[in-house]
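Just so you know, all these numbers are worked out from the coordinates, no wet-lab data involved. It should be emphasised that the depicted structure is a prediction, and the values quoted were computed from it without experimental measurement. Because the Cβ atoms are built from the backbone with ideal geometry, glycine has one as well, and the counts that use them run over all protein chains shown.
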Amino acid sequence: MAHERFHYKSLDELKKTAVEVGASLPFADHTGILGTPVRFGTATVRNRLGIAPMEGADALPDGSPSEFTRRRYCRQAAGGSAVIWFEAISVVPEGCSSGTQLLITRENVDAYRRLCDEVREAGFRENGVAPLLVMQANHSGRYSNPGNRPAPLIAYRHPWLEQFRPADDSCIVSDDYLMALEERFGEGTRLAREAGFDGVDIKSCHGYLFAELNSAWSRPGRYGGSYENRTRLLKNCIASANVYKDEHFFVTCRLGIYDGYPEGPGFGAAKEDPFSLDLQEPLRLVRELRDECGLDTINITMGNPYATTHVTRPFDFGKYQPTEHPLTGISRMIHGAAAVKKAVPDMTVYASAPSYLRQYSDLYAAGAVEQGMCDGMLFGRMAFADPDFAGEILREGRIRPDRVCVTCGKCGDLIRAHKPTGCVIRDTETFLPFYREFVELKPSLPENYRG
Ligand SMILES: Cc1cc2nc3c(=O)[nH]c(=O)nc-3n(C[C@H](O)[C@H](O)[C@H](O)COP(=O)(O)O)c2cc1C
């Protein structure tokens, strides 16, 4: 389906297109509700705005944060979002997404402590209050690439996914390996707490190991087949993390509720039509994460950025074949979050993926909260483009249109090229040089490179 690029001169124009493509999006008249407090983990945060986890591919060789990492998070903290949900940080070296992904270890935990201190201080200096800091603990699974050499660790064979990233039977991880991860995520959580994060996210989304297990119907043994088995690793790792939970430290989860794969198994998809959602299992899981695992805050996302990028982060199609209108993707995402909120009204539910809406993303976030579809919104690409977006919304009532993300995908290009990642358009001086290097490198990138 072809469609025009983002061209809306008014919210009414955008709403008209939304109706035409069958997307139903919430918009408020003003952003006031975004400046109201909400419970988040162990704390009450002062506004409904958060920064989504965004990998920066800028770690030092031992996995600790670099000057780029520090700059990124200090700018975001000064920007005024109440929550900073840090990017995917590996807790095991073999599960790193690249040689430049952050990796927390016993040896480098002090570097993370300094990072947390500086980020809090930057927020406090600018806003009189520090943001809440969440560490996203991850295992990249199928997308493991330590030292920038693909070394997939998969739950089961998935021919459709493997056209983008080859794997074979030798890549299937054993039950013993998975069982050992339960302890290692506990240790990762202990390190997160020692580093001074306010909470840890046991990440289960975007096609990484935990998310892949959710659709491992064909896997035999303890972690595959039945619903109980497929969700075992996530629940057990949360249980290991819960050991470190107290009144100052919480455990949460960024949960993918729909993979969006057109072929092969996918979590949250209807068996007869992979493009339709069937949220029976995802909602059961959310309820159990609350009732059995004690989570009170959750973030909802969808898709797999390596295979169904448009589902995770809607954008104007340029290089790729359009499969759906970006507003359709945004509508799916917010209605998925709303279904979760409806199923667990007492949980704090954060939604994802507002950036495509640019200068209207603020009224969208406010509309979603006003209509009870979620309690808050995590902004991803927008935070790279304009780390001050929250302050603009909270102080001036609206986001600045001349600073918004244009969803050009260049940050995605940088990360795949393992270059320090940020906004090439709005933070040009810092990131254009890396983008130039990427353009030169591009011809040598592997066949399955998808930008
Ligand atoms: C460069 C880049 C890095 C990302 N890194 C992560 C990550 O580390 N963890 C994660 O859960 N999602 C990651 N995401 C997804 C974002 O958190 C977010 O869900 C997505 O961009 C949609 O939100 P947006 O429309 O506000 O950008 C990343 C996205 C981009 C573009």
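List of remarks:
- Extension gain from GLU292 to VAL129, taking 0.36 nm per residue of separation minus the Cα-Cα distance: 55.4 nm
- Residues whose amide H lies under 5 Å from that of ILE172, counting only those 5 or more places away or on a different chain, are ILE154; hydrogens are built 1.01 Å from N in the peptide plane.
- Fraction in percent of alpha-carbon pairs per bin - 10 Å, the range 178-222: 23, 43, 27, 7
- Overall Cα dimensions of the range 144-244 - principal axes, largest extent first, Å: 41, 34, 22
- Quarter of the Cα convex hull surface for the range 367-418, i.e. its orientation-mean projected area (nm²): 4.6 nm²
- With both labels modelled 7 Å from their Cα along Cα-to-Cβ, the GLU437 to GLU247 distance reads 4.8 nm.
- Cross-link partners of LYS9 among lysines, defined as those whose alpha carbon lies under 26 angstrom from its own and excluding same-chain residues fewer than eight positions apart: LYS319, LYS410.
- Enclosing the Cα atoms of the chain in their convex hull gives a volume equal to 129 cubic angstrom per residue.
- Value at 222 nm in deg cm²/dmol, rounded to 500, when DSSP H runs of n ≥ 4 in the chain each add -39,500 (n - 2.57): -10500 deg cm²/dmol
- Over the range 129-186, the pair-distance histogram of Cα-Cα distances with 10 Å bins from zero comes to 20, 42, 25, 10, 4, 0 percent, rounded to whole numbers.
- For a paramagnetic label modelled on ASP110 (point 7 Å from Cα along Cα→Cβ), amide N atoms under 18 Å away belong, within the range 53-81, to 60-67.
- Charge dipole of the chain about the Cα centre (unit charges at C-beta), most positive-ward option of LEU11, THR323, CYS205: LEU11
- For the range 1-70, the extents of the C-alpha atoms along the principal axes are 50, 36, 20 Å, listed from largest to smallest.
- Electrostatic dipole magnitude of the chain [Cβ: Lys, Arg +1; Asp, Glu -1; Cα centre; debye, to 20]: 460 debye
- Positive-end residue of PRO146, SER361, THR36, charge dipole of the chain with Cβ unit charges: SER361
- According to the Cα-based calculation, Rg over Rh for the range 332-451 is 1.07, with Rh computed by the Kirkwood formula.
- Taking all Cα pairs closer than 8 Å and separated by 6 or more residues, the relative contact order of the chain comes to 18 percent.
- Of all beta bridges that DSSP places with both ends in the chain, some 15 percent have antiparallel geometry.
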